[in-house]
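Heads up: the structure comes next, in C-alpha cells.
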Amino acid sequence: MPAPPESPRSLPAVTPARVVTGLCLSAPFVAMLWVGSYARTEPTFAGVPFFYWYQMLWVPLSAALTAVAYVLVRRERAARRAGRAAGRGDTGKRAGDGER
C-alpha cells in the first residue's frame, strides 16, 4: 500500500518524544509482568523479602515515569499546535481555549 502524500507542513506520527513516552509507560508493565525476575526472597531490605520491596519500589518509579511521559506529550502537543498555527498564520488559540 503506498504511503499517503505528505504536505510540507505535516509532522511525522512517530517522533522520538513518542517513542520515549511509550517506553516510559510500558516499562512498569514489563517489569511487573516478568515475575521470574523478582520471584525470590533474597536480598531482603529492612527484613522485607525482595519480592515485596521490588514491587513497592515500582510504585514511585511508575509515577515518575508517567509524569515524564505526560510532560513529553504536552510539549509535543504544544509544538504541533505552534507548527499548525505558524502554517496558518495565526496564534492557534481559539475562543474559549484554556490551558491544557
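The values are calculated or read from the model by the stated rules, or taken from the named source; none is laboratory data. Values in this document were obtained by computation on a predicted structure and should not be read as measured data. Neighbour counts are summed over all protein chains in view; Cβ atoms, including those assigned to glycine, are modelled from backbone coordinates with ideal geometry. Quick note on the areas: whole protein, heavy atoms, side chains included, nothing else; ligands and nucleic acids left out. Shrake-Rupley method; radii C 1.70, N 1.55, O 1.52, S 1.80 Å.
Residue pairs whose Cβ atoms lie under 7 Å apart, sitting 6 or more positions apart in sequence or on different chains, and linking a residue in the stretch 50-63 that is farther than 16 Å from Leu25 by Cα to a partner that is open to solvent by 70 Å² or more (accessible area, probe 1.4 Å), are Phe50/Arg40; Phe50/Thr41; Phe50/Glu42; Phe50/Thr44; Phe51/Arg40; Phe51/Thr41; Trp53/Phe45.
Take the residues in the stretch 16-33 that are open to solvent by 70 Å² or more (accessible area, probe 1.4 Å), under 17 Å from Val59 (Cβ atoms) and free of Cβ contacts under 8 Å to residues at least 40 places away in the same chain; name whichever of them is nearest to the chain's Cα centre (by Cα).
Looking only at the stretch 16-33, we keep the residues that are open to solvent by 70 Å² or more (accessible area, probe 1.4 Å), and these are 16, 18-19, 23, 25, 29-30, 33.
Applying the additional criterion that residues be under 17 Å from Val59 (Cβ atoms) yields 25, 29-30, 33.
Now restrict to residues that are free of Cβ contacts under 8 Å to residues at least 40 places away in the same chain: 29-30, 33.
Details: Phe29: 13, Val30: 14, Leu33: 19 Å.
Here the residue is Phe29.
Each row is one residue, and each column tells you yes or no for (1) in contact with a strand residue (DSSP E or B) (Cβ under 9 Å, 6 or more places away or on another chain); (2) assigned to a loop (DSSP other than H, G, I, E, B).
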{"site": "Thr21", "(1), (2)": "no, no"}
{"site": "Ala27", "(1), (2)": "no, no"}
{"site": "Val30", "(1), (2)": "no, no"}
{"site": "Arg40", "(1), (2)": "no, yes"}
{"site": "Pro43", "(1), (2)": "no, yes"}
{"site": "Trp53", "(1), (2)": "yes, no"}
{"site": "Met56", "(1), (2)": "yes, no"}
{"site": "Pro60", "(1), (2)": "no, no"}
{"site": "Ala64", "(1), (2)": "no, no"}
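Annotation: of all residues in the stretch 50-68 being over 23 Å from Pro16 (Cβ atoms) and of a type in the set (Ser, Thr, Tyr), the one that is surrounded by the most Cβ atoms within 10 Å (Cβ to Cβ) is Tyr54.
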